[in-house]
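Novice: Can you read through this structure? Questions will come right after.
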Amino acid sequence: MHFGGVLALSACVSMPHQGVWSLSAGLGAIGLAGLTYGGFIGANMRRPGGEYVPVREDWVWNVILPTLVYGSLLAMAVLVWHRPAQTLYGVALLSLLLLFIGIRNAWDIAVWMSMNRPPPAGGPTP
């Protein structure tokens, strides 16, 4: 999801003939979509049952940090009207944060999947 957010930000900012209104609308839409996604993930992580039990690190990297970044993008949608040049630096920083969060989360799930691999069917485990 966060890689898609970075790609959407790149497309929004690099669009030719970009005006303040369209930039603000794009940043606002991406920020709102990310906040909605963060709420959805946070609600589903609290669901009881299943073998997965989230720890504090999971909450920080999967809910808190991405939601803060997407909320900041929503704030950038308003700030672009007052200080467009400075806001674009903020958008660049936020897109890098999303990229790093996405890389970290992809690495975390890859490690988790390799450590929690089910035993092969029909034979003893080595």
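The values are calculated or read from the model by the stated rules, or taken from the named source; none is laboratory data. Note that this is a predicted model, so its numbers are computed, not measured. FYI the Cβ positions are ideal-geometry reconstructions off the backbone, even for glycines, and counts take in every protein chain you see.
Novice: How many residues are more than 18 Å from the chain's Cα centre (by Cα), assigned to a helix (DSSP H, G or I) and surrounded by 16 or more Cβ atoms within 10 Å (Cβ to Cβ) if we restrict to the range 68-84? Give the derivation first.
Specialist: Residues of the range 68-84 more than 18 Å from the chain's Cα centre (by Cα): 78-84.
Of the ones still in play, those that are also assigned to a helix (DSSP H, G or I) are 78-79, 84.
Then drop every residue that is not surrounded by 16 or more Cβ atoms within 10 Å (Cβ to Cβ), which leaves 79.
Selection size over the range 68-84: 1.
Novice: List every residue pair whose Cβ atoms lie under 9 Å apart, where the two residues are 6 or more positions apart in sequence or sit on different chains, the first residue falls within the range 1-29 and is within 15 Å of Val91 (Cα to Cα), and the second residue, located anywhere, is among the aliphatic types (A, V, I, L, M) and outside any helix (DSSP H, G or I).
Specialist: Every condition considered, the pairs that remain are Val20/Val80; Ser22/Met15; Leu23/Met15; Leu23/Val80; Ser24/Val80; Gly26/Met15; Leu27/Val80.
Novice: OK, next. Of all residues being in contact with a helix residue (DSSP H, G or I) (Cβ under 6 Å, 6 or more places away or on another chain) and over 30 Å from Asn116 (Cα atoms) in the range 85-103, which is surrounded by the fewest Cβ atoms within 10 Å (Cβ to Cβ)? Just the residue, please.
Specialist: Of the range 85-103, the ones in contact with a helix residue (DSSP H, G or I) (Cβ under 6 Å, 6 or more places away or on another chain) are 87, 90-91, 94-95, 97-99, 101-102.
Within this subset, residues satisfying the condition of being over 30 Å from Asn116 (Cα atoms) are 87, 90-91, 94-95.
Numbers: Thr87: 21, Gly90: 17, Val91: 21, Leu94: 25, Ser95: 21.
Per the criteria, the residue is Gly90.
To keep it simple, each residue is scored yes or no on (1) within 30 Å of Asn116 (Cα to Cα); (2) modelled with pLDDT of 95 or more; (3) in a helix (DSSP H, G or I).
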{"residue": "Gly5", "(1), (2), (3)": "yes, no, yes"}
{"residue": "Gln18", "(1), (2), (3)": "no, no, no"}
{"residue": "Gly28", "(1), (2), (3)": "no, yes, yes"}
{"residue": "Ala33", "(1), (2), (3)": "no, yes, yes"}
{"residue": "Thr36", "(1), (2), (3)": "yes, yes, yes"}
